[in-house]
Amino acid sequence: MKRYERSTVRAWALVALLFLATALATQAQSQEPELFTYAELVQLYENKDLPQALQVKLDRLLTTPFISNAASARGVQPLLPRTPKLGRFIRVVQWNIEEGIEYELLSAAFSDARRFAKLLDSSSYPAGSQDRKKILQQVALMKQADVIVLNEVDWGMKRTAYRNVAADLASVLRMNYAYGVEFVEVDPIALGTERFEEVSAEDRRKLETEIAVDKSRYRGLHGTAILSRFPLENVRLQPFENQPHDWYTQELESVRPLEAGKRKAGDVVFREKIERQVRRGGRMMLTAEIADQRIPGGRMTIVATHLEDKTKPKGRREQLNELLKHISTTNTALVVAGDMNTSTHDGTPLSLERALKNRFGSKSFWAKQALGILTGIKLPSLLLTGMNAYRTQADPTVKSIPLVAPNPEAEFFDDLKDFRFADGNSFDFRGESERSIGAKDDTLANSNERGNKGFITTFEVERTIGFVGKFKLDWIFVKPPSLTDPNDKNQPHRFAPHFGRTLKELNEGPKDRISDHAPVMVDLPLDEPRLNRRVTASAPRSFKGGR
C-alpha cells in the first residue's frame with residue numbers, strides 16, 4: 001500500500017474513532033432515568049419504607065439528569081451579543097419561575113417582545129408609555145441570554161397543564177437543556193386523592209373535581225434546569241447530604257395528627273393541607289460544563305442550585321459549604337446561580353392567594369366558587385418590623401451587629417467571600433461604578449443589581465406593607481478565570497461579572513405577575529473590556545413600582 005494511501009486510511013480510522021467516541025459520550029449523556037407510573041407515585045406517598053425496586057428507581061431519578069443537546073445537533077450557535085463597552089459576552093439569566101404556571105408569559109418574556117406586549121396590563125402600561133417601553137427593552141435583554149438557570153420547574157403537574165416545562169421552553173428558545181429532579185410531588189392534593197373530609201359535602205364535591213388528575217399524564221416532577229445555546233457536557237445531579245427539612249416525613253406529620261384528633265376547626269385543617277407539600281427528594285446541585293475556545297481557558301462550569309427555605313440561615317450555610325466543597329477543585333471559570341432563599345428567616349412569607357395558585361395553578365376557581373371554607377382563612381406570614389428588618393431583607397450581606405442589628409444570614413456571604421478554589425482563585429465580590437447598573441460600588445454590585453438601599457429585591461408577597469415582605473433571595477455568583485482577591489478592582493475583568501440586573505418591571509408587567517420571583521442576569525465579557533463612561537440606572541425614576 002502506498003504511503004499516502006496508508007495515511008488516508010489512518011486518517012479515516014481516526015475520524016471513525018472520534019465519531020464513535022462522540023457518539024458513545026452523547027449516548028451516555030442522553031441516558032435518562034425511568035419515570036414513575038401513577039400507581040407507583042401513590043406508593044411513594046403511602047409507604048414510608050419503600051420496596052427495594054421502588055427505592056432504587058427513586059434514587060436514580062434524583063441523581064440522574066435529563067439531558068438534550070438537540071439544539072446543537074440542529075446547528076444552533078450561541079448568540080454572543082456585543083456592545084461597545086464589553087465587546088462580545090455571554091449573558092446568564094437566573095429565574096425562579098414558580099413552577100412555570102404562567103407558561104405563555106414566561107415563554108414570551110424570553111423570546112417575543114410583540115407577543116409579550118399583547119399580554120401586558122394595558123391599563124397600567126398603555127401603548128407609547130415609557131414604562132411599557134422599559135418592560136419591552138427588558139424582554140429584548142432576556143432574548144440575548146445564552147445560558148439560563150431556572151428554579152421550580154414542573155414536569156407532568158396538573159397546575160402547569162402537565163407540561164415538561166424545561167423541554168418546552170428549550171424547544172421554543174432553540175436551546176439545549178439539562179433538567180434535574182429536586183422533588184417528586186406525592187401530596188394527596190397534587191395526586192388528586194385528597195378527600196377534604198373537614199369541609200361541607202358541597203365544597204368537597206367542588207374540591208375533588210378541581211384536583212382530579214389525568215393519571216396517564218401525571219409525572220409529579222419538580223426541579224431545576226439549565227438551558228444553553230452551547231452544548232452541555234459532563235452534566236451531574238447531586239442532592240445535598242445535608243437536608244434541614246424532610247419534605248416527606250415532616251410534611252406528612254403536619255396534617256395527620258390534626259385529622260386524627262379533630263382538635264382544630266375544619267378551616268384550620270384545610271389551611272394546613274394547602275400549606276403542606278408532601279414530596280420525595282430534597283435540595284440539590286445541577287452542574288454542567290460548556291466548552292468553547294472563545295471562553296477564557298476554553299471552558300466554563302455552571303452550578304444551578306436551590307437552597308432550603310424551611311430552615312434557619314445556619315441550614316442554608318451548611319448547604320452552601322457542601323456546594324463549595326463539591327466545586328473546590330474546579331479550575332475553570334464558574335457561575336453559581338439560583339434561589340438561595342436568603343430571607344434571614346426560617347421560611348418565606350406566602351399569601352393565601354399565592355399558596356392556592358401554587359397548588360392548583362390558578363386563583364380563578366377559588367374566586368368564582370366562593371368556597372365557604374375560605375372565609376377568614378389566612379396563611380401565616382412573616383411579620384417584620386423596624387429598620388433592621390429592612391436592612392437585612394434588602395441586603396442580607398450586611399455585617400451582623402449583635403444585640404443592636406443582628407443579621408443571621410451574614411455568615412453565608414462571609415463563607416462565600418473567604419472561599420478559595422484549589423487554583424487560588426475566588427468569587428467576584430467587586431462593585432464598581434463603571435461596571436454596575438446605577439453606577440454602584442458596593443459589595444457584589446457588578447453581579448447583582450443594587451438600589452439606593454441594599455439590593456434590588458427579587459421576591460415579594462402580593463401585598464407588601466412598605467418594605468415589609470420584599471427580599472433578595474436570588475443570586476448569581478461568578479468565579480472569573482483569574483481573580484485571587486474577591487475585592488481587588490485592579491485584577492483582570494475578563495469573564496468577570498458586569499452589569500448585574502434584576503428585571504422586576506418585566507415580571508410585574510402582566511396583571512398577575514409571571515412569578516413571585518423576578519429574573520436576574522449578568523454579562524460575562526469574553527475579552528478584557530475597555531470601559532470609559534459610567535452606566536446610568538436601569539429604569540426611569542418615575543417607573544411604577546420603583547425601587
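The values are calculated or read from the model by the stated rules, or taken from the named source; none is laboratory data. Since this is a predicted model, take the numbers as computed values, not measurements. A quick note on method: Cβ atoms are made from the backbone with ideal geometry, for glycine too, and the neighbour counts reach across all protein chains shown. We work out accessible area using only protein heavy atoms, side chains counted, and drop any ligands, DNA or RNA first. Shrake-Rupley method; radii C 1.70, N 1.55, O 1.52, S 1.80 Å.
Only one of Gln243, Gln277 is surrounded by 15 or more Cβ atoms within 10 Å (Cβ to Cβ), at pLDDT below 95 and outside any helix (DSSP H, G or I). Can you tell me which?
Testing whether each residue is surrounded by 15 or more Cβ atoms within 10 Å (Cβ to Cβ), at pLDDT below 95 and outside any helix (DSSP H, G or I) leaves just Gln277.
Quick one: which of Lys143, Lys158, Lys133 is basic (Lys, Arg) and without any contact (Cβ under 8 Å) to a residue 12 or more places away in the chain? Lay out the reasoning, then the answer.
Working: Lys143 fails: without any contact (Cβ under 8 Å) to a residue 12 or more places away in the chain; Lys158 fails: without any contact (Cβ under 8 Å) to a residue 12 or more places away in the chain.
Only one candidate qualifies: Lys133.
Scan Arg236, Arg219 and give me the residue that is assigned to a strand (DSSP E or B) and in contact with a strand residue (DSSP E or B) (Cβ under 6 Å, 6 or more places away or on another chain).
Arg236 is the lone residue from the list that is assigned to a strand (DSSP E or B) and in contact with a strand residue (DSSP E or B) (Cβ under 6 Å, 6 or more places away or on another chain).
Residue by residue, here is whether (1) modelled with pLDDT of 95 or more; (2) part of a loop (DSSP other than H, G, I, E, B); (3) within 19 Å of Thr305 (Cα to Cα) holds:
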position: Ala439; (1), (2), (3): yes, yes, no
position: Ser447; (1), (2), (3): yes, yes, yes
position: Asn452; (1), (2), (3): no, yes, no
position: Glu460; (1), (2), (3): no, no, no
position: Thr464; (1), (2), (3): no, no, no
position: Gly469; (1), (2), (3): no, no, no
position: Phe477; (1), (2), (3): yes, no, yes
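Would you mind stating whether Pro497 is in contact with a Phe, Trp or Tyr (Cβ under 7 Å, 6 or more places away or on another chain), open to solvent by less than 10 Å² (accessible area, probe 1.4 Å) and at pLDDT 95 or above?
It is false that Pro497 is in contact with a Phe, Trp or Tyr (Cβ under 7 Å, 6 or more places away or on another chain), open to solvent by less than 10 Å² (accessible area, probe 1.4 Å) and at pLDDT 95 or above.
(1) open to solvent by less than 10 Å² (accessible area, probe 1.4 Å); (2) in a helix (DSSP H, G or I); (3) of a type in the set (A, V, I, L, M, F, W, C): which one isn't true of Val172, the others all being true?
Here Val172 clears every test but (1).
Of the numbered conditions (1) farther than 16 Å from Gln277 by Cβ; (2) touching a residue at least 40 places away in the same chain (Cβ under 8 Å); (3) outside any helix (DSSP H, G or I), Thr193 fails exactly one; give the number of that condition.
Only one criterion in (1) farther than 16 Å from Gln277 by Cβ; (2) touching a residue at least 40 places away in the same chain (Cβ under 8 Å); (3) outside any helix (DSSP H, G or I) is unmet by Thr193, namely (1).
Where the second residue is open to solvent by 10 Å² or more (accessible area, probe 1.4 Å) and of a type in the set (A, V, I, L, M) and the first is under 16 Å from Arg236 (Cα atoms) and lies in the stretch 172-189, which pairs have Cβ atoms under 6 Å and are six or more apart or on separate chains?
Once the first residue is under 16 Å from Arg236 (Cα atoms) and sits in the stretch 172-189, its partners that are open to solvent by 10 Å² or more (accessible area, probe 1.4 Å) and of a type in the set (A, V, I, L, M) give Ala178/Ile67; Ala178/Val235; Gly180/Leu237; Val181/Leu62.
In the stretch 77-98, what count of residues is obtained for those that are touching a Lys or Arg at 6+ places or on another chain (Cβ under 6 Å) and open to solvent by less than 10 Å² (accessible area, probe 1.4 Å)?
Within the stretch 77-98, residues that are touching a Lys or Arg at 6+ places or on another chain (Cβ under 6 Å) and open to solvent by less than 10 Å² (accessible area, probe 1.4 Å) number 1.
With the condition kept exactly as written, say whether any residue in the stretch 400-421 is in a loop (DSSP other than H, G, I, E, B), at pLDDT 95 or above and crowded, with 17+ Cβ neighbours inside 10 Å.
yes
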